[in-house]
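Enquirer: Take a look at the following structure, please.
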Amino acid sequence: MKFIELPQVMDFMGQLKFSQLDSLFLGALTFYALFRCVYLLYFHPASKFAGPRLAAVSNVWFAYHWMTGKYPMTIAKTLDKYGDIVRIAPNELVFITPQAATDIYASHTKHIEHFHKTNSIELGVGDQGITWEKDPYKHQKIAKTLAPSFSVKSIKSKDPVMHKYIDLFVEKMKEFGE
């Protein structure tokens, strides 16, 4: 089996005229766009859900309705037309049933919250705080430790201090405004 070497490819590309390069590039781009559309419409995991065809292949449908301020009304109409689960972008679904929130966000193991966090906000080695904790058991342990701080009794005990600083802030703002 003979492989094409890089210098041979560069020689071939150098012999092409500018219009031929444009045609080659445009052809490759068209092939990619068609391949992507076919994939998104028929083979993507979300392809089994109904929704506008344009929404299935691009974010243009979603962006247009969002930018025009008609997003909520359009989503309501789309849900009426297509059913309880609608594909509104290549990788987005919208649900209307209350059970969907429970199915998606509720824990499937008793008292353990399942949440997937990516490494995109990795803060390094060591304690990263409860917000970025990936281990559900460690997260639960930290949450139990913090829970008393957010009880009604605890918050009410901080009420006088909060009022003192809020009053101070309002006074400073009045001075600043004069």
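The values are calculated or read from the model by the stated rules, or taken from the named source; none is laboratory data. On a predicted model such as this, the values are computed, not experimentally measured, just so you know. Neighbour counts are summed over all protein chains in view; Cβ atoms, including those assigned to glycine, are modelled from backbone coordinates with ideal geometry.
Condition check ((1) modelled with pLDDT of 75 or more; (2) surrounded by 10 or more Cβ atoms within 10 Å (Cβ to Cβ); (3) touching a strand residue (DSSP E or B) at 6+ places or on another chain (Cβ under 6 Å)) across all residues:
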| position | (1), (2), (3) |
| --- | --- |
| 108 | no, no, no |
| 119 | no, no, no |
| 124 | no, no, no |
| 147 | yes, yes, no |
| 153 | yes, no, no |
| 157 | yes, yes, no |
| 166 | yes, yes, no |
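Enquirer: Consider only pairs whose beta carbons are under 7 Å apart and that are at least six residues apart or on different chains; among these, list those whose first residue lies in region 20-46 and is assigned by TED's automatic domain parsing to the domain that holds residue 91 and within 24 Å of residue 87 (Cβ to Cβ) and whose second residue is surrounded by 12 or more Cβ atoms within 10 Å (Cβ to Cβ) and aliphatic (A, V, I, L, M).
Expert: From residues that are assigned by TED's automatic domain parsing to the domain that holds residue 91 and within 24 Å of residue 87 (Cβ to Cβ), the pairs are 37/57; 40/56; 40/57; 41/56; 41/57; 46/93.
Enquirer: Here is a check on your reading of the model: is residue 69 at pLDDT 90 or above and on the phi > 0 side of the Ramachandran plot? Don't jump to the end; show me each part of the working.
Expert: On the way: at pLDDT 90 or above: yes; on the phi > 0 side of the Ramachandran plot: yes.
In short, yes.
Enquirer: Ok, one more. Considering each residue of region 21-35, count those that are surrounded by 11 or more Cβ atoms within 10 Å (Cβ to Cβ) and of a type outside the set (D, E, K, R), and give that number. Talk me through it step by step, then tell me what you get.
Expert: Within region 21-35, the first condition is being surrounded by 11 or more Cβ atoms within 10 Å (Cβ to Cβ), and the residues that meet it are 21-24, 33.
Narrowing further to those that are of a type outside the set (D, E, K, R): 21, 23-24, 33.
Final tally of qualifying residues: 4.
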